[in-house]
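K.L.:
What follows is a single structure, and I will ask about it in a moment.
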Amino acid sequence: MEPASPFITLEGIDKRFGGVQALRNVSLRIEPGEVHSLAGENGSGKSTLIKILSGVCRPDGGAITIGDQRLDSLRPVDAIRRGIQVIYQDFSLFPNLTVGENLAINDLLEHSRWLVRWRSVRKTARDAVAALGVDMDLDQPLGELSVAEKQLVAIARALLHDARLIIMDEPTTALTGIEVEALLKIVRRLKQEGVAILFVSHKLREVLAISDRLTVLRNGEVVAEGPAAEFDEAEITYRMTGRRLHANRYVLPSDWQRQPLLKADRLSGRTVREVSFELCAGEIVGLTGLLGSGQTELALMLFGIRPCAGGTLLIRGESKRIRSVRDAMAAGIAYLPEDRLAEGLFLEQSIERNVVAADLASLRNRAGLIPPSRLRKESDRWLTELAIKAPSGQIPVSALSGGNQQRVVLAKWLSTQPGILILNGPTVGVDVGSKQAIHDQLRELAARGMGILIISDDLPELAGNCNRILVMHQGRLVDELSGADCDADTIALRLTSF
Amino acid sequence: MRKLILTHEFVLFVLVVLLCVAIGIKNPAFWSLGNVFDLLKSSVTLGLLALGVLVILISGDIDISFPAIAAFSMYVTCLIAQATGLGDHIAILFGMAAATGGLLGAFNAVFIHFFRLPALIVTLGTASLIRGGLLAFVGTRIITDLPESMVAFSRAQLFRQQLPGGETIGLAVSIFILVGVALLVQFLLNHTLLGRGIYALGGAPEAARRVGFNIRRIRFFIFALVGCLAGVVGIIHASNMRNANPFDLSGLELTVIAAVVVGGADITGGKGTVIGTILGTLLLVIIGNSLILMGLPTEWHKVAVGAIIIVSAGMAAWRRRMGRNSGRRK
């Protein structure tokens, strides 16, 4: 059989930004109806490649061929006219406008009509939703939709432009397991209609599940390319990072002794119902469930942010009531929030200040002031200990990559010397290499006798790093997996059985 | 139906009606035609400025230089009219003042758009520059011999009638400028691509840029629009006062912004309606003019305005929370 003629081909693309070679001799070929994945660590050139495909950036060298037409450069308008659509991570939607208007707005702009005819806006929107085969209230303000629904709107909007290639930038980062399934289903449907998809994702499992072919970038170069069937997670990771990562499970050491740090007995809150569990020193326990099953509320209750309505809590065998974050910290509990940007960091402040923020009291001198030298010493210690890559402790946290930012949050809480560490989505938006580093650090902390509770939707993450996994559903603890059952497929099966 | 009752505008409407009924019961003079005409007349300047500020707030920016722009445009227009004898027609004066105001508004937009400075700081600065420049370089003398056309404009009334006491009352024609501008802004915001671009810009600026709205054009348009409206307001004000005083029209900015926010516009951008703004303006004007009719001392005016601002902001926040909850439930 003749190979199908490609929709778009990039050959020998080079791109420099100042002194940085962002892309070097990159070639990419996407066929109609193909799901092509682009994998690579942060800074590997993925975003630059997306920008070149969408016409936002002009390549310094190389050629772009769309259909049978060879182009030297592509302007954004050309890209859109030729059916290339990018769905950015933030979707580029308008929360204050209705679903219908969000769908139709590009169409209005494209025809640069001076007036807005609402009847035709509605029709455009209805067609868009129908083309995707979903049902939506077009009059609802977009801001009221869930992330997954917003994503559907973004996809429907892309389809309105007779998209031939949809580029999805990290489409599953904010989705729960079931929503990811639904998205993959839509991707398959689009594929059948001959629409090509370029899937850019950190989540290798999804990449493998959905793609026909994949391209791996490292330091701006294509380091691997081929049918997805020829790869497995370990192989992609190796190609992305250039090093072999261990894939061994976390198991408790043979001389481990059961030493409970935290014991919850029938804890109840607003959505949490009579949850009982135990966390021992040296354990890494996973907590998962469908979105809104109460995992986050449980964590917030343990950390004193949400009130406990009932039940008892024993910390190291002592009954404790935790009514505030102060109580929780006094009891030796630390919590890494879900949204590190909004809740975990003072983005514009320096790394040092962020690191010491939770433990200012111990840095005070007799006059109640914090000597800069002491602050620097404390922060440098953590920068070294957690291998945070930063030119200095004085630059703002916002300048760091996701993985390093997360380590700063970790440092902040570790400096309070907690016995119990609760992490909510610790590696969301963190690239594979840093992810591994964070996991290694957690294992080391557990080995030193800390009890760790990880809340995550990332099932392979839980399976690889937890000795036990708790599953919540509708506020109740419904399952506990340990040993050989701690396997991503087993957990997924339990989750989908609800 | 439920949706209608829960809108900010509906609640505001009910509030205005209740207030009118309450004042009317306490003092039936409130409902006299003369008082109603007076109230409408005093709503014109506040209302016109509020419509301009509404557009700015929707786009996610803010402007506090418009009172200075109004004073500048008014004074300069009157000076030119005096010197040249132009201005035997009121439309020419309105045109000149609107053009002056529009230019000054565009001046704001230059700093905000090209130098990426925050609008609050820029307009705080230009407000002082414009007012200071007016007093230092243009003049401090109050112009009392206004062009005939301005005096005639302020006297022009419809539905004129003679009261038994010999006093004549009528509806000032300037109210039609307010109604006309309100309709225009309503059309602009809801039925033109430019208007939807203003909402889009206020809702998600980065997304607006990406989908291809011309942000520069939108910014210049809205700041120039506020400037134009301020110029028009300047002329109406001077006509009503029968003089052009360069010290006038100061300290209006907070009242105007309050009227727009009471009307349901979101200070963070992306939300607001013309009908809400008009109702917000009416509410503040009625409170300003009529608490005295209820026998309440004038000090209460500020208390009432303050309470209304806080309550309406609270109402908006509460509604947002409700909206988000219902979204999550889905």
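The values are calculated or read from the model by the stated rules, or taken from the named source; none is laboratory data. Being a predicted model, the structure only gives us computed values, none of them experimental. FYI the Cβ positions are ideal-geometry reconstructions off the backbone, even for glycines, and counts take in every protein chain you see.
K.L.:
Here are some conditions: (1) under 20 Å from the mean Cα position of the chain (by Cα); (2) loosely packed, with under 15 Cβ neighbours inside 10 Å; (3) more than 14 Å from chain A (Cβ to nearest Cβ). B:Ala152 meets all but one. Which one does it not meet?
P.N.:
All conditions are met except number (1).
K.L.:
Is it the case that some residue within region A:141-160 is within 12 Å of chain B (Cβ to nearest Cβ), over 27 Å from B:Gly264 (Cβ atoms) and part of a loop (DSSP other than H, G, I, E, B)?
P.N.:
no
K.L.:
Another question, if that's okay. Just wondering, is there one or more residues in region A:431-438 that are acidic (Asp, Glu) and over 21 Å from the mean Cα position of the chain (by Cα)?
P.N.:
No: region A:431-438 contains no residue that is acidic (Asp, Glu) and over 21 Å from the mean Cα position of the chain (by Cα).
K.L.:
Given (1) surrounded by fewer than 22 Cβ atoms within 10 Å (Cβ to Cβ); (2) assigned to a loop (DSSP other than H, G, I, E, B); (3) touching a residue at least 24 places away in the same chain (Cβ under 8 Å), identify the lone condition not met by A:Ile370.
P.N.:
Result: A:Ile370 passes all but (3).
K.L.:
As an exercise: evaluate A:Asp90 against (1) at pLDDT below 85; (2) more than 9 Å from chain B (Cβ to nearest Cβ) and give the number of the one condition it does not meet.
P.N.:
If we test A:Asp90 against (1) at pLDDT below 85; (2) more than 9 Å from chain B (Cβ to nearest Cβ), just (2) comes out false.
K.L.:
Looking at (1) at pLDDT below 80; (2) under 12 Å from A:Ile13 (Cβ atoms), which one does A:Ala63 not meet, given that it meets all the others?
P.N.:
(1)
K.L.:
Further question on the same structure: Quick one: which of A:Gly45, A:Gly40, A:Gly67 is in contact (Cβ under 8 Å) with a residue 12 or more places away in the chain and either surrounded by fewer than 20 Cβ atoms within 10 Å (Cβ to Cβ) or acidic (Asp, Glu) (or both)?
P.N.:
After ruling out the rest, the residue left standing is A:Gly67.
K.L.:
Another question, then. Taking A:Ala361 as meeting all but one of (1) surrounded by 12 or more Cβ atoms within 10 Å (Cβ to Cβ); (2) modelled with pLDDT under 85, write down the number of the exception.
P.N.:
(1)
K.L.:
With respect to A:Ala125, is the statement that it is out of contact with any Lys or Arg (no Cβ under 7 Å at 6 or more places or on another chain), under 22 Å from A:Ile167 (Cα atoms) and more than 12 Å from every other protein chain (Cβ to nearest Cβ) true?
P.N.:
Yes, satisfied.
K.L.:
Continuing with the same structure: Could you look through region A:281-304, keep only residues that are farther than 15 Å from A:Ala334 by Cα and more than 21 Å from the chain's Cα centre (by Cα), and pick out the one that is surrounded by the fewest Cβ atoms within 10 Å (Cβ to Cβ)?
P.N.:
Checking each candidate, the answer is A:Gly282.
K.L.:
Let me ask another. I'd like to verify a number: residues in region A:93-102 that are surrounded by fewer than 21 Cβ atoms within 10 Å (Cβ to Cβ) and more than 8 Å from every other protein chain (Cβ to nearest Cβ), how many?
P.N.:
Here the count works out to 1.
K.L.:
Restricting the search to region B:171-214, which residues are more than 14 Å from chain A (Cβ to nearest Cβ) and touching a Phe, Trp or Tyr at 6+ places or on another chain (Cβ under 6 Å)?
P.N.:
Hit for region B:171-214 is B:Leu171, nothing else.
K.L.:
Working carefully through the options A:Val222, A:Val216, A:Val180, find the one that is crowded, with 19+ Cβ neighbours inside 10 Å and part of a helix (DSSP H, G or I).
P.N.:
A:Val180
K.L.:
Then there's this: From the residues in region A:184-213 that are of a type in the set (Asp, Glu) and modelled with pLDDT of 85 or more, which one is farthest from the chain's Cα centre (by Cα)?
P.N.:
Filtering first and then ranking leaves A:Glu193.
K.L.:
The conditions are (1) among the β-branched types (Val, Ile, Thr); (2) farther than 24 Å from B:Phe187 by Cα; (3) within 8 Å of chain B (Cβ to nearest Cβ), and A:Ile105 fails exactly one of them. Which is it?
P.N.:
(2)
K.L.:
While we're here: Checking the conditions here, which among B:Phe94, B:Phe37, B:Phe30 is within 30 Å of B:Thr192 (Cβ to Cβ) and aromatic (Phe, Trp, Tyr)?
P.N.:
From the options B:Phe94, B:Phe37, B:Phe30, the qualifying one is B:Phe94.
K.L.:
Going by the structure shown, is B:Ile222 touching a residue at least 24 places away in the same chain (Cβ under 8 Å) and within 13 Å of chain A (Cβ to nearest Cβ)?
P.N.:
The answer is no for B:Ile222.
K.L.:
Then there is this: Among the helices (runs of 4 or more DSSP H) lying completely within region B:1-113, list those that include at least 3 residues that are of a type outside the set (Val, Ile, Thr), touching a Pro at 6+ places or on another chain (Cβ under 8 Å) and in contact (Cβ under 8 Å) with a residue 60 or more places away in the chain.
P.N.:
It comes to B:66-84.
K.L.:
Picking from A:Thr312, A:Thr241, A:Thr271, which residue would you name as being farther than 22 Å from A:Arg476 by Cα and not aromatic (Phe, Trp, Tyr)?
P.N.:
A:Thr241
K.L.:
Another question about this same structure. Among the residues of region A:388-410, what is the count of those that are among the small types (Gly, Ala, Ser) and either farther than 29 Å from A:Pro171 by Cα or over 21 Å from the mean Cα position of the chain (by Cα) (or both)?
P.N.:
Summing the residues that are among the small types (Gly, Ala, Ser) and either farther than 29 Å from A:Pro171 by Cα or over 21 Å from the mean Cα position of the chain (by Cα) (or both) in region A:388-410 gives 3.
K.L.:
Name the residues in region A:140-155 that are under 21 Å from B:Ala208 (Cβ atoms), surrounded by fewer than 18 Cβ atoms within 10 Å (Cβ to Cβ) and out of contact with any Phe, Trp or Tyr (no Cβ under 9 Å at 6 or more places or on another chain), would you?
P.N.:
A:Gln140
K.L.:
In region A:233-291, how many are hydrophobic (A, V, I, L, M, F, W, C), in contact (Cβ under 8 Å) with a residue 24 or more places away in the chain and more than 18 Å from A:Gly317 (Cα to Cα)?
P.N.:
Residues that pass the stated criteria total 13.
K.L.:
Checking the structure you have, find out if any residue of region A:386-404 is at pLDDT 85 or above, crowded, with 19+ Cβ neighbours inside 10 Å and touching a Gly at 6+ places or on another chain (Cβ under 9 Å).
P.N.:
There is no residue in region A:386-404 that is at pLDDT 85 or above, crowded, with 19+ Cβ neighbours inside 10 Å and touching a Gly at 6+ places or on another chain (Cβ under 9 Å).
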